[in-house]
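As structure tokens, the structure follows; a few thoughts come after it.
Only the coordinates and a few stated rules stand behind these numbers; no lab work does. None of the values given here were measured: they were computed from a predicted structure. Positions of Cβ are backbone-derived with ideal geometry, glycine not excepted, and every protein chain shown enters the neighbour counts.
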Amino acid sequence: MTQELPRHDQAPPPVRTVDSIVLVNTGDGKGKSTAAFGMIMRSVARDWPVCVIQFMKSGKWRAGEVVAARQLGAEWYTHGDGFTWESDDLDRSAGIAREAWALAAEALASGRYRLVVLDEITYAINYGWIPADEVWDALRGRASTTNVICTGRNAPPALVDLADTVTEMRNIKHAYESGVRARRGIDY
Ligand code: ATP
Ligand code: MG
């Protein structure tokens, strides 16, 4: 049996250098945020100023990565109110997302950072908590040397279009599905 070789119908484009790129980690599998946080290690190794902005409520769940990233010198903006099940939950989440977006817009435009992580931003966009058109404009109009990573499930098509690198984490199985709760050191 002969194995078919991969076909290369198109010649590879000429190599070029760019000042920065936009990456998206999406999909229903585990690893979107942790892959973004992993890139912080590469960035700080190059002495890049790094900023992380979290769009969803977090609290103690994120303790591990916040502590480590701050030790590495990254700026990290999050909201430590944890999970709640109160009736005003959605409003509170929307408010947090809008605050996060104000910070993010400034961080993208400022030119202060070589890496900006917008963690869970897709939820804030998909729920309509932050203005999608403003997000696309801010990403396209960011300071030229600012790389950006956006994470979250269901990346909107417009975000996929404008991004340079898009990865979909696909869930095959997750411990949670067999009843194993989130674990310290692994999930937060
Ligand atoms: P991580 O932060 O572990 O990289 P993620 O960013 O890909 O996960 P989120 O949607 O942000 O995924 O959810 C974060 C939390 O939900 C983590 O505790 C993670 O283990 C858990 N999680 C991620 N994917 C799944 C899944 N398919 N089923 C159940 N829990 C999941
Ligand atoms: Mg995540």
Quiz item: Among R98, R46, R70, which one shows the biggest mean-square fluctuation in a GNM of the chain, springs joining Cα atoms closer than 10 Å?
Solution: R46
Self-check item: Under-5 Å amide H pairs with V24, H placed in peptide plane, nonlocal only
Solution: C150, T165, V166, T167
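Given the Cα-Cα distance of E106 and R70 and 0.36 nm per residue of separation, how much length would full extension add, in nm?
11.0 nm
Can you tally the net charge around R170? Count Lys and Arg as +1, Asp and Glu as -1, for every other residue whose Cβ sits under 12 Å from the Cβ of R170.
Surrounding charge for R170 is +2.
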Quiz item: Any idea what the dipole of the stretch 69-175 comes to, in debye rounded to 20, about its Cα centre with Lys/Arg Cβ at +1 and Asp/Glu Cβ at -1?
Solution: 500
Practice problem: Please find, in a Gaussian network model of the chain (springs between Cα atoms separated by less than 10 Å), the residue of K173, K57, K32 whose mean-square fluctuation is greatest. | Solution: K173
Quiz item: Under a GNM of the chain (C-alpha, springs under 10 Å), which listed residue has the highest mean-square fluctuation: R114, R16, R142?
Solution: R16
Exercise. Would you mind working out the magnitude of the charge dipole of the chain relative to its Cα centre, with +1 at each Lys and Arg C-beta and -1 at each Asp and Glu C-beta, to the nearest 20 Debye?
Key: 720
Practice problem: Using only alpha carbons, build the gyration tensor for the chain and give me the equivalent ellipsoid semi-axes, biggest first, whole Å. | Solution: 28, 23, 18
